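Inspection log for the structure reproduced underneath, given as structure tokens.
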Amino acid sequence: MSRRRRYEGKAKILYEGPEPGTLVQHFKDDATAFNNKKHDQIEGKGVLNNRISEYLFLRLGEVGIPTHFVKRLNMREQLIREVEIIPVEIVVRNAAAGAIAKRLGLDEGTQLPRSIVEFYYKSDELDDPLVSEEHITAFGWANPQEIDEMIALSLRINDFLTGLFLGVGIRLVDFKIEFGRLFENEMMRIVLADEISPDCCRLWDIETQDKMDKDRFRQDLGGLIEAYQEVARRLGVFVDNRPGDGSGPVLVSSK
Ligand code: TMP
Ligand code: ASP
């Protein structure tokens, strides 16, 4: 059966879902960086991201974060609620790395005075420029109430994920998330959308400081799949290409 393709991004495809108001989110093996200037296929990445993102969205749902996730369909696909994506990427930073380290001249790994929330306008042509709340409201990408809601949810997501990853020996340095508007019964809610995977987070091993995220690809460090597999293994979601046993996170004792 051929499915209608709704949208194709750099790492995912969205197909029309089985019922109105649903979509199928398909994770590809494509890896891109620096807005597609660097592009490769990394076999198995889509499968890992599908599993890791499913796990994180389920756990976030359990603590009351509304999300677009419905259920995993197969190795590469999940059923999601169709939302209107707000064209603003939210980056939450706990320590300096990547763009902020460069922009403000900070040493990579320096803990920030507090968690910092940044907004980037979602535009491939413009390379996702950093924007302020003024730009977001002036251009009508989101209203002040929606911005407040996104900041509050982002900080809750950060607190929860920081603790979750710490429990498995991983430092959550920063991450990028997206939100969408979910319309139901004349009501509109802001929900977490897109994905949360090592493609859009910086994850460092607590002990060794090893990078366990897409910086392995951006910086040509190699071993990306092994690193993503290790993240999945520690979370207890995926072992050696086989489904996890459902026993949950593998606790790593802090020395
Ligand atoms: P940055 O330091 O390059 O701004 O990235 C901050 C975090 O956001 C990092 O975990 C990677 C993630 N990110 C994306 O997922 N997509 C993007 O387009 C960018 C620029 C960053
Ligand atoms: N997501 C962007 C890209 O794929 C930038 C990045 O993640 O480095 O090009």
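None of the figures in this text is laboratory data; all of them are computed from the coordinates on show. These figures come from a predicted structure and were not determined experimentally. As a convention, Cβ positions derive from the backbone with ideal geometry for all residues, glycine included, and neighbour counts pool all protein chains shown.
Among the residues here, Asn74 does not qualify as closer than 27 Å to Tyr121 by Cβ and out of contact with any strand residue (DSSP E or B) (no Cβ under 7 Å at 6 or more places or on another chain).
The set of residues in segment 171-191 being under 30 Å from Met212 (Cα atoms) and of a type in the set (D, E, K, R) consists of Arg171, Asp174, Lys176, Glu178.
The set of residues from segment 6-38 being polar (S, T, N, Q) and either within 14 Å of Gln78 (Cα to Cα) or touching a residue at least 60 places away in the same chain (Cβ under 8 Å) (or both) comprises Thr22, Gln25, Asn35, Asn36.
List the number of the failed condition for Phe179; all other conditions in (1) within 16 Å of ligand 2 (Cβ to nearest atom); (2) within 14 Å of Glu89 (Cα to Cα) hold. Status for Phe179: all satisfied but (1).
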